[in-house]
Amino acid sequence: MQVAARAVQHLRRLQHPRGSWSDFMVAVGTSDTWVTGYAGTALAAAARSEHLAPAVRAAAAAGADAAADWLLGAAGGGGVWGYHRNVAPDADSTAWAVRLLAARGRPVPSAALEFLAAHESETGYRTYADVYRKGHWSEPTPDVSAAALLARHEAGVLDRAELAAGWTKLIAGWQRPPGRWTSIWWAEDGYPTVLALEAWTVAGRPGLTPVPAPVRPPSTAFGHALWLHAYALTEGPADARPLLAAERPGGGWPGDAELLVPSPTGGGVTERSHDARGVFTTATALRALLVAGPDLAGADLTGPPGRDRTGHGYDRTVAVLAADLGLDPDRAASVFAELTRESLAAPAPWPSAQLSGLAGGLPMELSATDGEPSLRYTTEVGDPVLPPHARARSGLAAIGRTAALLDCTAAWDAVRPAVDVLVDPALPVPEGCRFWVWAGVDSSTGGGETLKVYLSTLHHDLADGRARERVVAALHRLGLPAGAPALRVLEGLDGYGFCQELGLGLSRDGRFGVKVYYEVRGWQPALVAAVLAAAGLPDDPAAVAPTIPGVMNEEVAAAHRAGIALRISPATGTVTEVTTATAFMRPMIGNTELSRRIGDWLATTGDRRTFDVTAAHTRAGWPEQSGRMHGLFTRSLSTRGVRNTVYVRPPLPE
């Protein structure tokens with residue numbers, strides 16, 4: 001397949017069902033409108049390209065049309081667009097929306113054209129004109145000026161002569177040695193340079209001195225695409241090999257476009273963000289390939305270069321931990337590799353808080369109990385850059401393959417009816433969903449292997465108040481009888497928090513375990529006592545209190561995020577185990593001392609070996625004072641006694 005055709009195909013895979021794309025998570029949220037205008041414009045260019053096959057052009061046109069339809073709906077009654085739908089409009093986002101609409105022959109709202117005109121100053125177009133009257137956000141930049149001029153030209157407001165005059169007045173003077181343009185919004189000078197050159201080309205090339213060149217060779221796929229595009233526009237020496245070599249195995253490019261968010265009122269950069277899903281980088285590569293000509297856009301390659309699983313180090317972490325805990329490292333590594341085939345495929349986008357809510361944006365989390373030595377982890381599964389429904393399907397496929405590897409297929413088949421309730425293709429899951437399907441494995445020295453599956457109730461994402469209803473429906477699919485005692489316990493928890501997720505544990509013998517997780521408002525001993533009593537367990541909350549000397553106590557835990565989990569027997573309808581969970585607060589001591597205190601306490605309750613081994617390996621990959629290595633502390637009470645578990649984040653990716 002042609003490389004540009006694969007880029008079109010990949011952008012279509014990344015496109016949400018309603019036509020938008022989302023990427024670049026910053027403090028105010030993740031962009032949808034701006035990114036959709038940009039990616040849609042790239043597809044619109046592909047739809048017009050003579051270098052691509054008719055079927056590819058048709059697919060590109062369909063994607064561009066869906067994006068245009070979505071943008072028209074997202075504009076509301078104002079006819080202008082911002083970074084995303086819930087923030088103030090800006091000239092850059094509006095310009096890209098206008099460019100897409102014009103390219104697809106859609107009516108451009110007059111308000112959008114008036115809005116762009118109002119953002120023109122004597123030296124260029126400003127991103128914001130009214131909201132931030134002073135400071136960086138209201139300063140003109142050449143990339144925004146170029147996008148606005150092109151938008152007004154393509155919408156028929158400016159003729160070619162007026163575009164050329166605008167380029168000379170508002171863009172040419174911003175050129176910097178050695179011929180490039182810069183912007184406060186971008187780390188890579190290639191982006192404003194390409195936009196300036198694109199406007200220059202459309203304007204008839206009204207003079208350019210000197211020809212642009214990068215200050216240093218680009219080191220990212222985004223940079224390679226931009227400078228390929230720039231040299232193609234100026235007929236300079238273009239080497240496409242670095243861009244082609246960076247293509248992902250499944251098509252598209254890794255998200256390495258670095259967006260800068262300067263202080264709105266002056267000062268330096270306050271935030272940096274990458275397009276974690278690769279939407280912007282892939283759209284940029286597609287634009288470059290189309291301009292570079294048929295030899296590149298139509299290159300008939302057998303496929304993108306293959307890659308092994310290197311760069312994150314988690315395969316090695318799992319194997320080394322398994323060996324040190326007395327488990328088979330090869331077996332552990334092969335199971336982990338199967339489960340994470342897509343989620344950790346190189347080039348992986350981790351860490352990314354935009355893509356995962358698992359462990360501060362890391363793709364996995366380790367845990368250690370005070371029982372027999374065991375390797376325990378939870379991880380992202382499925383392709384993380386896909387839209388929610390496609391990503392969930394990809395994750396379920398990974399779980400199915402791993403179930404076969406662990407001889408758990410019978411148990412997986414038994415729970416699929418419940419899984420299908422929570423991973424329903426009809427659920428209107430929003431674009432920014434960061435947790436729907438996770439999985440993990442528990443392997444103990446006693447020879448047991450359990451495949452764990454975690455399914456979000458989408459309480460926050462759907463905000464429909466039906467999270468527990470979906471979980472109860474799933475429990476009934478597992479055989480829980482109507483009127484079961486466990487249902488009354490679940491209902492009683494509703495007034496203290498929300499139903500967060502359903503957990504399933506799959507065994508080789510076809511059996512499965514079930515857990516329901518609630519997030520509650522801090523440690524509440526009276527609530528815990530009531531839950532224990534309702535479950536028929538000793539109603540002494542001290543048995544599961546979040547207390548580790550020198551680390552955590554009940555008073556502090558009362559003011560922080562906490563949870564309660566119930567292990568439920570579908571056969572009897574009863575609660576057989578109650579777990580309390582408390583997040584570790586940011587400590588005032590280093591990771592080494594914190595781990596020592598936790599280990600000393602675990603030694604008084606059982607075996608500390610698993611924790612010591614796990615913490616030692618993870619601690620080596622964290623700054624000593626990071627305060628983010630230790631994640632969660634849980635205590636579980638059943639008729640067999642109390643089990644304590646500490647969750648730790650793996651080493652930061654290499």
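I'd like to check something: does region 479-498 contain any residue that is assigned by TED's automatic domain parsing to the domain that holds THR576, at pLDDT 95 or above, within 24 Å of PRO384 (Cα to Cα) and more than 25 Å from the chain's Cα centre (by Cα)? Looking for residues that are assigned by TED's automatic domain parsing to the domain that holds THR576, at pLDDT 95 or above, within 24 Å of PRO384 (Cα to Cα) and more than 25 Å from the chain's Cα centre (by Cα), one finds none in region 479-498, hence no. For the residues GLU188, GLU198, GLU139, the requirement of being among the acidic types (Asp, Glu) and over 22 Å from ARG272 (Cα atoms) singles out GLU198.
You will find that of ARG401, ARG376, ARG391, the residue that is charged (D, E, K, R) and in contact with a helix residue (DSSP H, G or I) (Cβ under 6 Å, 6 or more places away or on another chain) is ARG401 and no other. Only one of the numbered conditions (1) outside any helix (DSSP H, G or I); (2) polar (S, T, N, Q); (3) at pLDDT below 95; (4) in contact with a strand residue (DSSP E or B) (Cβ under 9 Å, 6 or more places away or on another chain) is not met by THR379, and that is (3). Here ALA66, ALA75, ALA46 are screened, and the one residue that is touching a helix residue (DSSP H, G or I) at 6+ places or on another chain (Cβ under 6 Å), surrounded by 19 or more Cβ atoms within 10 Å (Cβ to Cβ) and not charged (D, E, K, R) is ALA46.
Does ALA392 count as of a type in the set (Gly, Ala, Ser) and within 14 Å of the chain's Cα centre (by Cα)? In short, yes.
When ARG152 is tested against the conditions (1) at pLDDT below 95; (2) among the charged types (D, E, K, R); (3) in contact with a Gly (Cβ under 9 Å, 6 or more places away or on another chain), the lone failure is (1).
Yes or no: ALA146 surrounded by fewer than 17 Cβ atoms within 10 Å (Cβ to Cβ) and of a type in the set (A, V, I, L, M, F, W, C)? Considered against the rule, which asks whether it is surrounded by fewer than 17 Cβ atoms within 10 Å (Cβ to Cβ) and of a type in the set (A, V, I, L, M, F, W, C), ALA146 comes out as no.
Out of TRP96, TRP21, I need the residue that is among the hydrophobic types (A, V, I, L, M, F, W, C), in contact with a Ser or Thr (Cβ under 8 Å, 6 or more places away or on another chain) and over 25 Å from GLY361 (Cα atoms). Which one?
Just one listed residue meets the conditions, TRP96.
Checking ILE184, ILE171 one by one, the residue that is farther than 25 Å from ALA246 by Cβ, within 32 Å of the chain's Cα centre (by Cα) and in the same structural domain as LEU116 (by TED's automatic domain parsing) is ILE184 and no other. In region 142-197, the residue that is nearest to ARG106 (Cα to Cα) out of those that are part of a loop (DSSP other than H, G, I, E, B) and of a type in the set (D, E, K, R) is ASP159.
Quickly run through region 212-265 and pick out the residues that are part of a loop (DSSP other than H, G, I, E, B), at pLDDT 85 or above and of a type in the set (Asp, Glu). Across region 212-265, the qualifying residues are GLU247, ASP256. Looking across region 415-447 at every residue that is more than 18 Å from the chain's Cα centre (by Cα) and part of a strand (DSSP E or B), the one that is surrounded by the most Cβ atoms within 10 Å (Cβ to Cβ) is identified as SER443. Residues of region 574-593 that are surrounded by fewer than 22 Cβ atoms within 10 Å (Cβ to Cβ) and either of a type in the set (Val, Ile, Thr) or more than 16 Å from LEU493 (Cα to Cα) (or both): THR574, THR576, THR579, ALA583, MET585, ARG586, PRO587, MET588, ILE589, GLY590, THR592, GLU593.
All conditions in (1) farther than 20 Å from VAL26 by Cα; (2) under 29 Å from the mean Cα position of the chain (by Cα) hold for VAL87, with the sole exception of (1).
To keep it simple, each residue is scored yes or no on (1) crowded, with 18+ Cβ neighbours inside 10 Å; (2) closer than 17 Å to THR582 by Cβ.
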position: PHE512; (1), (2): yes, no
position: TYR517; (1), (2): yes, yes
position: VAL531; (1), (2): yes, yes
position: MET552; (1), (2): yes, yes
position: LEU566; (1), (2): yes, yes
position: THR572; (1), (2): no, no
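The values are calculated or read from the model by the stated rules, or taken from the named source; none is laboratory data. Source: prediction; values computed, not measured. FYI the Cβ positions are ideal-geometry reconstructions off the backbone, even for glycines, and counts take in every protein chain you see.
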